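Since every read-out is calculated from the coordinates, none of them should be taken as a lab result. It should be emphasised that the depicted structure is a prediction, and the values quoted were computed from it without experimental measurement. Cβ atoms come from the backbone with ideal geometry, glycine included; neighbour counts cover every protein chain shown.
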Amino acid sequence: MTDLSEEDRRILEYLRDKVARGEQYVRSKRIADQLGLSPKQVGSRLPKLDEESEDVEIEKWARARSTTWRVSQS
């Protein structure tokens with residue numbers, strides 16, 4: 001895993017906590033609200049974090065008003 005920014009690490013920790021309870025469907029807005037970031041900051045980082053993380057799989061799932069992401073353990 002390459003060097004991650006502080007925001008990337010916070011997002012990844014949040015997602016790891018979520019998937020510890022099983023597969024989850026999350027929206028960038030909810031993650032952003034929990035971490036004090038903007039939805040755009042979160043949404044733009046999730047595809048990169050999917051490539052960088054060895055233990056969390058992040059998949060763009062659906063798009064309505066905002067994108068839903070499926071998060072599961074690798």
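Observations, loosely collected:
- Principal axis extents of the C-alpha atoms in segment 24-66 (largest first, rounded to whole Å): 26, 22, 17.
- Value at 222 nm in deg cm²/dmol, rounded to 500, when DSSP H runs of n ≥ 4 in the chain each add -39,500 (n - 2.57): -15000 deg cm²/dmol
- For segment 24-65, a crude dipole built from +1 on the beta carbon of Lys and Arg and -1 on the beta carbon of Asp and Glu, taken about the Cα centre, is about 540 debye to the nearest 20.
- The value for the chain of Rg(Cα) / (2.2 N^0.38 Å) is 0.98.
- Across the chain, Cα pairs under 8 Å and at least six residues apart give a relative contact order of 35 percent.
- Extending 7 Å from the Cα toward the beta-carbon at both Gln73 and Lys48 defines two label points whose distance is 2.8 nm.
- In this rough spin-label picture, where each label sits 7 Å from Cα along the Cβ direction, the Ala20-Lys60 distance is 3.0 nm.
- Overall, segment 8-48 carries a charge dipole of about 100 debye about its Cα centre when +1 sits on the Cβ of Lys and Arg and -1 on the Cβ of Asp and Glu, all other atoms neutral.
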